[in-house]
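To keep things clear, I will list the structure first and then write my remarks on it.
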Amino acid sequence: MSAMLQPQIILLKEGTDTSQGKPQLVSNINACTAVADVVRTTLGPRGMDKLIHDDKGTVTISNDGATIMKLLDIVHPAAKILADIAKSQDSEVGDGTTTVVLLAAEFLREAKPFIEDGVHSQNLIRSYRTACSLAIEKIKDLAVSIEGKSLEEKKSLLAKCASTTLSSKLIGGEKEFFAPMVVDAVISIGNEDRLNMIGIKKVPGGTMRDSFLVNGVAFKKTFSYAGFEQQPKKFLNPKILLLNVELELKSEKENAEIRLSDPAQYQSIVDAEWNIIYDKLDKCVSSGAKVVLSRLAIGDLATQYFADRDIFCAGRVAEEDLKRVAAATGGTVQTSVNNIIDEVLGTCEIFEERQVGNERFNIFNGCPSGQTATIVLRGGADQFIEEAERSLHDAIMIVRRALKNSTVVAGGGAIDMEISRYLRQHARTIAGKSQLFINSYAKALEVIPRQLCDNAGFDATDVLNKLRQKHALPSGEGAPYGVDIATGGIADSFANFVWEPAVVKINAINAATEAACLILSVDETIKNPKSESAQGDAAASAMGRGRGGGFRGRGRGMRR
């Protein structure tokens, strides 16, 4: 009786939304599955694209898991975790963003019946972590090294990795054209880690095959003054001067006041200004440079002056382009024209200004340092070129990873099936509940080959049965077999050159397992009403001001 008379304890602010226990966990799992269903159909060479239209009216057509997850603007707190792992996979490896989201959601989907049957989530988490470390060890065992090969062999192996990545993208039809281009670009920047050393310039018009790679720097012609057309547009082995200096007549920045007693003195001041700029220009010319680039403006006087002396100049060059020119040509950006010595001048084999589509491009080819490359992309619609750029970014990241961690595994769902078989086999050696959990983890890994079949319109059950039978062969010869997208059967992925760097799979399985375990470990969600009432107050006060300030509106979260 006394228990019934106990006063109710109010712990949280009124209006706080709390949900806990098993229903909360199941609800989180359902939310994550719903998010994965959005990107599910984009997986693989036959994956579909998504058209995303945002509130600003920008239209994005993309096949890239990370781009789609970023643009979805997810508000569900648990489902946001999937968007985060896609982002981390993109920044760490560059590809496999759809894979990582699908795996995480599938692990949760397999865990759902156990949760509903009353299994404690910590037991599941423990088993999943064990299965994850076993899977990663197995990937390392199956990985094949491409180390110690000649440069030509290495190039063709890396091109195979790039082709695998590009095959699932919008430009998959041109992968034979783009894969070697990507490999050449990555090899040309050497051990340079900064990806911005590979520039991608987009020029609408033409076909994809009109795209080309510059072993150096290319950038769009900058704003130019009269006299520009009289300048030579092609040089062989020119010296290149890079400046961060304005070469034009300018009114003084400071509010200087000069008092003159004689009008004749005014001319001397004007002459002084002209002498200053002529002095700067003379120093540039005497340095021996044939190409002068500046981050700041080069005025009409300077443009004409350089044209008369057969020197090419370009002002207002973007900082990023100027840095890439400096890295490629071995020059140094100068903040003054005094004491220009040969060491600070860059050089390249050939400089030319060329027409690309309806744009003019300044192109520096055959640069000595060679630590930079530029891909000039052509294509029809703007959205198409944007998507092509994202696709090439993924391929560049993959080739870079394969160069650094030089091990590859069979793609096309082959590695997933092999790990799945290995984990099922391992699970039989374990007594207790975790045998079931590891089995469910193994089953979840089959989502990749199954989805590849579904997206290509094949019978997934039939293909998976063939794959299971092949992978179960005791000799182990079936390990590299995956889905054959061309015929709808199964094929040796290694022999068909469907390869991906081992680091992609390791990262994907690691991130997906971590995300699944994180969501399984959450049993309560508390939503604080504070922000809602703050919004309500803001809306109400705005409303009050709108009515002449006499009316004070009540916020939604305020008590009446």
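The values are calculated or read from the model by the stated rules, or taken from the named source; none is laboratory data. Predicted model, so just to flag it, every value in this text is computed and none were measured. Glycine gets a Cβ as well: all are built from the backbone with ideal geometry, and neighbour counts include every protein chain shown. Areas reflect the complete protein model, heavy atoms only, side chains present, ligands, DNA and RNA absent. Shrake-Rupley method; radii C 1.70, N 1.55, O 1.52, S 1.80 Å.
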Practice task
Work out how much length residue 141 to residue 431 would gain on full extension: take 0.36 nm times their residue separation and subtract the Cα-Cα distance, in nm to one decimal.
Solution key: 101.8 nm
Completion exercise
Pseudo-spin-label distance residue 349 to residue 486, built 7 Å along Cα→Cβ, given in nm, is 3.6
Fill in the blank from the handout: Cα-based Debye curve of region 164-250 sampled at q = 0.10, 0.14, 0.24, 0.25 Å⁻¹ gives log₁₀ I(q)/I(0) of -0.44, -0.77, -1.42, -1.46
Exercise for the section: Name all residues of region 459-473 having a backbone nitrogen under 18 Å from the label point set 7 Å from the Cα of residue 495 along its Cα→Cβ direction, giving them as ranges. Expected result: 466-473
Exercise for the section: Using the heavy atoms of the protein chains and a 1.4 angstrom probe, tell me the accessible area per residue for the chain in square angstrom. Expected result: 49
Handout entry: Qualifying trypsin sites (Lys or Arg not before Pro) in region 373-438, DSSP loop, other Cβ atoms within 10 Å at most 12
Key = 428
Exercise for the section: Can you tell me the 0 to 90 degree angle between the C-alpha axis of helix 97-116 and the longest principal axis of the chain, rounded to 10? Expected result: 20
Handout entry: Using θ = phi - 60° and Karplus 6.51 cos²θ - 1.76 cosθ + 1.60, couplings along region 78-94 (whole Hz; Gly, Pro as x)
Key = 6, 5, 4, 4, 5, 5, 5, 6, 5, 5, 5, 5, 5, 6, 7, 10, x
Exercise for the section: Assign one of three labels to the chain, namely rounded, prolate or oblate, based on the Cα gyration tensor with a ≥ b ≥ c the square roots of its eigenvalues; rounded applies when a/c is under 1.5, prolate when it is not and a/b is larger than b/c, and oblate otherwise. Expected result: oblate
Problem - Pairs from 149/175; 70/155; 155/470; 22/138 whose Cα-Cα separation, in the structure shown, is over 27 Å - result: 70/155; 155/470; 22/138
Exercise for the section: Would you kindly derive the ³J(HN,Hα) couplings of region 213-225 from the backbone phi angles with the Karplus curve 6.51 cos²θ - 1.76 cosθ + 1.60 (θ = phi - 60°), listing them in order in whole Hz, with x for Gly and Pro? Expected result: 9, 10, 7, x, 10, 9, 9, 5, 4, 7, 4, 10, 9
Practice task
Return the carbon/sulfur percentage of the accessible area of the chain, one whole number, probe 1.4 Å, all protein chains in place.
Solution key: 50
Problem - Dipole magnitude of region 326-368, debye to nearest 20 (Cβ charges: Lys/Arg +1, Asp/Glu -1, about Cα centre) - result: 120
Fill in the blank from the handout: Sorted on mean Cβ neighbours within 10 Å (highest first), peptides 202-209, 261-268 come out as 202-209, 261-268
Handout entry: region 456-509 pair-distance distribution - Cα-Cα, 10 Å bins, rounded %
Key = 23, 45, 32, 0
Problem - MRE, 222 nm, helices only [DSSP H, n ≥ 4, -39500 (n - 2.57), over the chain, to nearest 500] - result: -15500 deg cm²/dmol
Practice task
Return the distance in nm (one decimal) between the two label points of a simple spin-label model at residue 59 and residue 258, each offset 7 Å from Cα along Cα→Cβ.
Solution key: 5.8
Completion exercise
In whole angstrom, the spacing between the Cα centers of region 293-318 and region 392-424 equals 49
Problem - D_trans [Stokes-Einstein, Kirkwood Rh over alpha-carbon pairs] for region 357-426, 10 °C, 1.306 mPa s, µm² s⁻¹ - result: 97
Completion exercise
Excluding near-sequence neighbours (fewer than 8 apart on one chain), region 226-343 holds lysine pairs with C-alpha atoms under 14 Å apart numbering 4
